[in-house]
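Beneath this line is the structure, given in structure tokens, with notes to follow.
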Amino acid sequence: MKHLSFLLMTLSFLVLSPSYKCNVKGEAGAMLPIRGLAIEAPKPESLDRFLYFIEEDLAPAHFNVLILRVDWNYAYQSYPELCDPNPLKQEDVKQIVALCREHGIRLVPQINLLGHQSWAETTHALLREYPQFDENPSVKTEDYTPWPNPERLYCKSYCPLHPEVHDVVFAVVDEVCDAFEADAFHAGMDEVFYLGEEECPRCHDKDKADLFAGEVTLIRNHLAEKGRQLMIWGDRLIDGRTTGIGEWEASYNDTWPAIDRIPKDVFICDWHYERADLTAVYFALKGFQVATCGYRNPDVCLQQIDDQQRFRAQSSPETAARFQGYIHTIWSGADHFLKRYYELKDGKQPGESKAGEAEGNGDEEEDRSGDVRSLMAVINAFTQQP
Ligand SMILES: [Zn+2]
């Protein structure tokens, strides 16, 4: 037991000590190409703090990709009925664009497409304003009960075969990409549980992998017309049963064969939060560029960064180049997260209140500071770079 205690103390020292050198540079001596953060876009009233966060925390730590979940938090002109109350305006976004450009940070706006069109009892803007796009309208979000519920309602999806849905979706995608002056767009597309539902007259007899691949390809082709790249979360492309990774970080609903039916230039954000699963190798060997994504366990995040570097060092040049790096994810509301982040950074205990949290993952008992401590560990690791 003493040996174990000593070992734990040693490990703690290695992880926590400022002198700990995460192997970000790797054996080849090169930095990971992508050192990213994916977080909700700030509300206008918190823009100044968010700019401060970019300037004082992300840029000095050599972050070079910032994926911002904008969704309906932008003053869209094409479909203003979709906008949140008091959304980011173009002049707000231009402040973020200018600061990121100054620091060499690639900005990637995100709107959740296909899935994540609702959360618990709340239907988000697209299906609220255009209920005809709903894949299974008989399931009502107002009747939502906590997961697992009889309807298997996690989030609503839009019907990818509705003849008018892409008129709306692509208009707002183009607008947000123009505003952010982006050469890449993140479409989310994670945790799509409702797809090819029985009640949809267009989709009910279709293969789910074909439906998923078709939607990915359609979005990819639209973006490519303007020289933009598509990024998506990778979970629907992993066979959840065979891998044992489950139905959240991987697919139980038969979408996974889509991995062989989508263009290879789709960038995969391969997220794993409880364990450093090695699926980045799967994506890279299939020909995709991939970044591993972590969240709220500092040890897992640091392992994921090391793994990416190790894969790059141990692979052929062709494959090594596809291991693009690490993107940290934050799933709290950005404003609330930054408040807790600076509380902890300034030596205070983070507040217990969960007010302001956006979509969570159902782990109500979890240490709520795990996401803050994870980002601090990643910042520390990236800061070690020259
Ligand atoms: Zn449908």
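Counting only Cα atoms, the size of region 187-242 along its three principal axes is 36, 29, 14 Å, in decreasing order. Evaluated at q = 0.16 Å⁻¹, a Debye calculation over the C-alpha positions of region 43-86 (equal weights, vacuum) places log10 I(q)/I(0) at -0.56. The modelled label-to-label distance between Asp183 and Thr243, using points 7 Å beyond Cα along the C-beta direction, is 2.9 nm.
Remark: C-alpha extents of region 198-323 on the principal axes read 48, 34, 24 Å, sorted largest to smallest.
May I ask for the net charge around His103, where only other residues with Cβ less than 14 Å from the Cβ of His103 are counted and Lys, Arg are +1 while Asp, Glu are -1? For residues surrounding His103, the net value is -1.
Whole-percent P(r), the chain, all Cα pairs, 20 Å bins from 0: 28, 61, 12, 0. Taking 0.36 nm per residue of separation and subtracting the Cα-Cα distance, full extension of the segment from Lys264 to Met376 would add 37.0 nm. The DSSP beta bridges internal to region 30-383 are antiparallel in roughly 10% of cases. When Rg and Dmax are taken over the Cα atoms of region 112-226, they come to 14.3, 43 Å.
Around Glu45, what is the net charge, scoring Lys/Arg as +1 and Asp/Glu as -1 over all other residues with Cβ under 15 Å from its Cβ? It would help to have the intermediate numbers written out before the result.
On the way: positive: Lys43, Arg49, Lys89, Lys339; negative: Glu40, Asp48, Asp84, Glu91, Asp92, Asp335.
Every neighbour counted, the sum reads -2.
The modelled label-to-label distance between Lys206 and Lys348, using points 7 Å beyond Cα along the C-beta direction, is 5.0 nm. Rounded to the nearest whole Hz, the Karplus-based 3J(HN,Hα) values (6.51 cos²θ - 1.76 cosθ + 1.60, θ = phi - 60°) of region 228-245 follow the sequence 9, 9, 9, 10, 9, 6, x, 4, 6, 9, 10, 6, x, 6, 5, 7, x, 7, with x at glycine and proline.
Straightening the chain between Asp84 and His103 buys 3.9 nm, computed as 0.36 nm per residue apart minus the Cα-Cα spacing. Helical content alone sets the calculated 222 nm signal of the chain at -10000 deg cm²/dmol, taking -39,500 (n - 2.57) per DSSP H segment of four or more residues and averaging over every residue.
Legend: calculated FRET efficiency, Thr145 to Ala321, from the Cβ-Cβ distance at R0 = 41 Å, rounded to 0.05, equals 0.30. Expressed as a fraction of 2.2 N^0.38 Å, the C-alpha radius of gyration for region 208-271 is 1.11. Here the extension length gained between Tyr252 and Ser138 equals 38.8 nm, from 0.36 nm per residue of separation less the Cα-Cα distance.
Coordinate-derived values only; no laboratory data. Quick caveat, the model's predicted, so the values are computed rather than measured. As a convention, Cβ positions derive from the backbone with ideal geometry for all residues, glycine included, and neighbour counts pool all protein chains shown.
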